[in-house]
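Undergrad: Below is one structure. I have some questions about it.
Values quoted throughout were computed directly from the atomic coordinates according to the rules given, and no laboratory measurement underlies them. All values reported here derive from a predicted model rather than from experimental measurement. A quick note on method: Cβ atoms are made from the backbone with ideal geometry, for glycine too, and the neighbour counts reach across all protein chains shown.
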Amino acid sequence: MKRSLRINAFLFGCFSLSAFSAFANPEVESRIQSAISEYTTQQSVKSIDYPYRCRELESTAYELVNPNEIKIVDRFTVSYECRNKLQSFHVVRNDSGATYYVYLTDSNGTIVRTGRYGVSSYPSAGDYFWVVENKGGGDGSGRFKSETRHFR
């Protein structure tokens, strides 16, 4: 009995984790790719490069994403030394009451991971974007507070 419960719990965990891996419709990916093409490097947060050291950086910000809009909220680079370390972005306070989807995309706009209100991932070295989509709902203002955790 215990063994079957453990196996079922393991299988349920695998299914629930894989449900939010990297499945999105092509329309969302094309909207993300067009947002990336319009994104400029001046919009991204500058970080100091620490060679051969991975430092954890945490930041909190207030964001605004209008209803039915997709917006790039941050761009970051994972160095070779910091590859496969935890990178996360989460909506920690939803002021507007809207429904948000968070995407981790690579520099080509391909969705690496997606989730509702947050994403955590262990990406390999490269350039990545945090993208937030406001599906609507709430008071229509699109305001939220986010928390980002990176190893750079």
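Undergrad: Suppose each label sits 7 Å from its Cα in the direction of the beta carbon; what would the S37-N84 distance come out to in nanometres?
TA: Going by the 7 Å Cα→Cβ label model, 3.5 nm.
Undergrad: Taking 7 Å along the Cα-to-C-beta vector as the label spot, tell me the K145-E27 distance in nanometres, rounded to one decimal.
TA: 3.4
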